[in-house]
Structure formats: C-alpha cells, structure tokens
Amino acid sequence: MVAMKEVLPKVGPFFVASFRLIPAGLLLIGYAGAKGRPLPSGFNAWFSISLFALVDASCFQGFLAEGLQRTSAGLGSVIIDSQPLTVAVLAALFFGESIGYVGATGLVLGVVGLLLLELPVITTDQTDFSLWGSGEWWMLLSAQSMAIGTVMVRWVSKFSDPVMATGWHMVLGGLPLVALSVLNNDPIFNGSLNELSAIDLSSLFYTSIFGGAISYGVFFYNATRGSLTKLSSLTFLTPMFASIFGFLYLGESFSNLQLAGAFITLVAIYMVNYKDSTVE
C-alpha cells in the first residue's frame, strides 16, 4: 500500500494496477513452467481463469488503485483487509465452513467498524459528498472483489494448476487495466517515465514482485486447501504494517473515530476466525 501510494501520482492509478499484475503474472507462469506444472487446457480452464481474472485482478486492483488516490495507505489497507468477513460468509455458504456464535457476533461488529471508517468521510462535507468520490467506498468494492476471488480459486483449481492459473489470471486481468490507463491518460504516457527516480522504480518493482507474484502465488496456492476463513484471517496483519509504514514514510494518521473503527474491524476479523483457531 505504501509503495503504491507513493508512486501513484507520478504514473497514474491504472498503470500501477496493471504493473502490479502483468510482470508478476509472467514471473509466476515462468516459475510454474520451470517446475513442470501444466498449462491450462480446454474451455473450462480458460473460462474459469478469465472470470477469475475479471473479478480478482481487474476489479480488485482497479478499485484499489482508484481508492488509494482518495484515502490513506493505512486506512485503505484496513478496509481492504476486512475481506475475511465476506470470505467467512461465502465459505459457510459454499463449503460449509462454520463460524459459530462468536463469529456471527464478529460479523456484526465488522459492519459497525466499517461504518465508523466511512462516517468521517460522509460527515466531513455532507453537501459535497459523493459515494463514487469516496476512497473508502472504492476500497470496500475492492475488498469484496478480493473476497469473491478467494472463494473462486477453488473452482478454478478444478480445471487448472493453481499456481499456473494464478499467473495467467494476473496477466489477463492486467490487460484491461492497461487499456484503462491509456484511456485515462495516466501521467506515465505524458513523459513522466523520465522523471521517475530509482526509489520510484524500486517501488513499482516491489509492488509487482513482492506485492504481486510472491503474495498472490502463496495466498492462492494455499486457498485451494484448508480453511478459507482461517487463511484469509492472516490478512488482518496487513493494516498493521501499512499503518506503521504509512506513518513513518508518508506522515499519515487516523482520526480518533476512524482509529476506533479500524480497531473494531480487526477485533471482528479475529472473532470470525475464533472457532477455526481453537478447533484444530
């Protein structure tokens, strides 16, 4: 989040989103090929990967890039990583993963926490408030896209190797974002490439390699096995790091109300996963 936030104004949101996906996807495809993992084959394989790419790559990264322009890296990360709440519901519906009474209470608290995160934006300027101009709203859409993508990967892996499918979905999902970047006239196409510093380039490659290839590959490989709810709960650590580095490098901070909302959201995510963490 911090690396993306820093370079966004210089290259444009959709370019960052596409750069996070396409080089990382090619790296994963190369890695999977080197390990002898099979390429996707047949209509079902490519159809499932294409839908996976649309939801989890194009929508997730596109919404994230739009939202990150309008909110802080720390706050945006908290909203993005509230997606285990949605994953818990979808996993219960489709795979019978039970969240219990504690988890159900956590879901309610999660809604409260998200409302507190949104409230300052709505009340700060009620006359000029626009839902589609709210960074928090774009982040919430991004979180739902990621949650649906997390559940979809089990369907995708029925027809394709999960690592290979993850790589291809990143490449395919990044292509519409390239088109949007051109149509949006992102700064990268107006000569800003020559103005990028070594730190800017490092941020872009860090976002793609560590924030794309490695994180996506590991996450979706493990999403094909075990508890989706338990796995997705690990992402609640991300806001902690985003907030710390946002404070250290970007001078960001939360309002008291947003801080309370962030804390409640993280507690809610823990409660949703409480049963999973004690049964095993």
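For the reader, a short list of remarks on this structure follows.
- Listed by first and then second residue, the pairs with beta-carbon distance under 7 Å, at least 6 apart or on different chains, first residue in the stretch 196-216 and under 26 Å from Val163 (Cβ atoms), second among the basic types (Lys, Arg) and crowded, with 23+ Cβ neighbours inside 10 Å, are Thr207/Arg20; Ser208/Arg20; Gly211/Arg20; Gly212/Arg20.
- The residues on offer are Phe220, Phe210, Phe263, Phe236, and the sole one that is at pLDDT 75 or above and under 13 Å from the mean Cα position of the chain (by Cα) is Phe220.
- Among the residues of the stretch 168-205, those that are buried (at least 16 other Cβ atoms within 10 Å of the Cβ) and among the hydroxyl-bearing types (Ser, Thr, Tyr) comprise Ser181, Ser192, Ser203.
- Considering Leu231, Leu140, Leu193, Leu177, the condition of being closer than 19 Å to Val16 by Cβ and either under 17 Å from the mean Cα position of the chain (by Cα) or modelled with pLDDT of 85 or more (or both) is satisfied by Leu177 alone.
- Total residues in the stretch 41-51 satisfying the condition of being surrounded by fewer than 20 Cβ atoms within 10 Å (Cβ to Cβ) and in contact with a Phe, Trp or Tyr (Cβ under 6 Å, 6 or more places away or on another chain): the figure is 1.
- Residues of the stretch 1-14 that are farther than 16 Å from Tyr206 by Cα and outside any helix (DSSP H, G or I): Gly12 alone.
- Any hit, the stretch 51-74, residues being farther than 23 Å from Ala143 by Cα, modelled with pLDDT of 95 or more and among the small types (Gly, Ala, Ser): no
- Single residue of Val151, Val171, Val156 found to be within 21 Å of Ser41 (Cα to Cα) and in contact with a Phe, Trp or Tyr (Cβ under 9 Å, 6 or more places away or on another chain): Val156
- The lone exception for Leu257 - which of (1) at pLDDT 75 or above; (2) within 26 Å of Ala57 (Cα to Cα) it fails: (2)
Conditions (1) acidic (Asp, Glu); (2) crowded, with 16+ Cβ neighbours inside 10 Å; (3) part of a loop (DSSP other than H, G, I, E, B); (4) free of Cβ contacts under 8 Å to residues at least 12 places away in the same chain, marked per residue:
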position: Val16; (1), (2), (3), (4): no, yes, no, no
position: Arg20; (1), (2), (3), (4): no, yes, no, no
position: Leu27; (1), (2), (3), (4): no, yes, no, no
position: Ala32; (1), (2), (3), (4): no, yes, no, no
position: Pro38; (1), (2), (3), (4): no, no, yes, no
position: Ala53; (1), (2), (3), (4): no, yes, no, no
position: Asp56; (1), (2), (3), (4): yes, yes, no, no
position: Phe60; (1), (2), (3), (4): no, yes, no, no
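The values are calculated or read from the model by the stated rules, or taken from the named source; none is laboratory data. Because the structure is a prediction, the values reported are computed rather than measured. Methodologically, a virtual Cβ is constructed for each residue, glycine included, from the backbone with ideal geometry; neighbour enumeration extends over all protein chains shown.
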